[in-house]
Structure formats: structure tokens, C-alpha cells
Amino acid sequence: MDWIKELTFKKICPKMKLWRLLLLLLPVLLILNSCSISYTFNGASIDYTKTKSISIADFNNVAELVHPPLAQEFSEKLRDKYAKQTRLQLLKSSGNLHLEGEIVEYQLTPMAIAQDTYSAETKLTVTINVRFTNNVNSEDDFEKKYSAFQSFDSNRMLTDVQDELLTVIMDDIIDNIYNDTVAKW
């Protein structure tokens with residue numbers, strides 16, 4: 001350690017005392033310390049100084065074929081996503097960001113036809129119409145339909161696989177809504 005002091009003060013700046021060198025280095029260290037890079041692992045790109053809250057209205061089910069618990073489950077999962085992935089305060093109404101919409105399609109479609117001319121696979125599709133309002137930056141406002149589907153073997157009853165399929169479908173749609181509203185990927 002003595003050799004560092006000897007090298008620094010005798011050879012580099014022989015007339016400068018230790019305290020002068022520290023006084024010169026202190027502002028540089030403070031500037032470097034104040035510069036920081038912030039990383040988020042949830043994908044959100046929100047300016048929390050301007051945007052502090054989000055309100056998410058209940059999504060109504062207006063599809064022809066209705067699965068009764070879908071609207072409430074979807075609304076709650078969407079709220080959970082924003083509550084867990086952001087620091088936004090979740091309000092009932094009048095948030096800086098606002099989401100609302102409705103489930104417009106819950107449809108079963110026969111897909112692959114087997115040799116006996118019956119469907120071997122059925123596709124469940126859910127489509128949700130979403131209106132996003134950004135009260136801080138109105139240029140971000142949009143209305144868009146989000147759709148996702150899952151297929152299942154037609155030998156199985158929909159009631160046997162419905163909850164499992166809807167979990168995957170809702171997660172896909174919610175991730176897409178989240179990415180379009182706050183992640184902006």
C-alpha cells in the first residue's frame with residue numbers, strides 16, 4: 001500500500017498533497033455516482049413521475065356463446081397483471097391509464113376432419129375488444145381486438161378442458177394487452 005502512495009504522490013504529482021487530490025476527485029466521483037441506468041425485468045416503460053395510476057373497468061361478455069365466469073376471471077387476471085408487474089396504483093375509475101372493453105367472441109370451431117368425416121380437433125377462440133385511454137399522453141390511446149385460441153381433441157368434452165384452455169388463452173391476451181399499453185415493445 002505504501003508503494004501506491006509513493007508512486008501516486010511522488011512521481012505523478014509531487015507537489016500536490018493528498019487532500020488536494022481528493023478534493024479534485026470528489027466532484028468526479030459524485031458525478032459518476034449520480035449517473036445510473038435503470039433496468040426493469042417486467043418490460044414496463046412507464047414514467048412513474050407522470051403516470052401514477054390505472055383503472056380497469058369490468059369487461060362484459062357480449063359474445064353469442066357465453067361462459068359465465070369468463071368476464072369476471074378475465075377482469076381480475078388483467079388487474080392482477082398490472083398490480084404485480086407495475087407500481088401503478090389500481091383505481092376503480094379515473095386513473096391516469098384506463099382500460100375497458102368487452103368479450104365479443106367465444107367460439108368453438110371444428111378443425112381437423114378425421115376419416116369418419118367427424119371433427120378430430122376443435123378450436124376454442126376468445127376475442128376481446130379493448131379500449132385504452134392514456135390521460136397523460138393521448139397519442140397512446142387505441143381501440144383494438146385481441147384474439148387467442150387453443151385446440152383440443154374432439155373426443156374430449158369442452159367442460160373437461162375449458163378451464164385449462166381459458167387459462168392459456170387469457171394469459172396470451174393479457175400479455176398482449178400489457179405489451180401494447182405499458183411495455184411498448
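The values are calculated or read from the model by the stated rules, or taken from the named source; none is laboratory data. Computed from a prediction, not measured in an experiment: that's the story for all the values here. Positions of Cβ are generated from backbone atoms using ideal geometry, with glycine treated the same way; all protein chains shown enter the neighbour counts.
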*Quick one: would you say A71 is buried (at least 16 other Cβ atoms within 10 Å of the Cβ), modelled with pLDDT of 95 or more, more than 19 Å from D180 (Cα to Cα) and small (G, A, S)?*
yes
_Candidate set: region 98-149, residues that are of a type in the set (A, V, I, L, M, F, W, C) and over 30 Å from the mean Cα position of the chain (by Cα); chosen: the one farthest from V66 (Cα to Cα)_ = A114
_Filtered residue count, region 150-183, keeping only those that are more than 19 Å from P68 (Cβ to Cβ) and either among the hydrophobic types (A, V, I, L, M, F, W, C) or part of a loop (DSSP other than H, G, I, E, B) (or both)_ = 9
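When residues of region 90-122 are filtered for being within 18 Å of V136 (Cα to Cα) and surrounded by 13 or more Cβ atoms within 10 Å (Cβ to Cβ), how many remain?
The qualifying residues number 8.
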_region 161-172: number of residues that are more than 18 Å from Y118 (Cβ to Cβ) and out of contact with any helix residue (DSSP H, G or I) (no Cβ under 8 Å at 6 or more places or on another chain)_ = 8
*State whether one or more residues within region 130-137 are part of a strand (DSSP E or B) and either of a type in the set (V, I, T) or surrounded by fewer than 12 Cβ atoms within 10 Å (Cβ to Cβ) (or both).*
yes
*Every pair of residues 6+ apart whose Cβ atoms lie under 8 Å, when the first sits in region 51-75 and is over 10 Å from I103 (Cα atoms) while the second is among the charged types (D, E, K, R) and at pLDDT below 95*: S55/K92
*Among the candidates Y82, Y106, Y146, which residue alone is aromatic (F, W, Y), in contact (Cβ under 8 Å) with a residue 60 or more places away in the chain and in the same structural domain as I177 (by TED's automatic domain parsing)?*
Y82
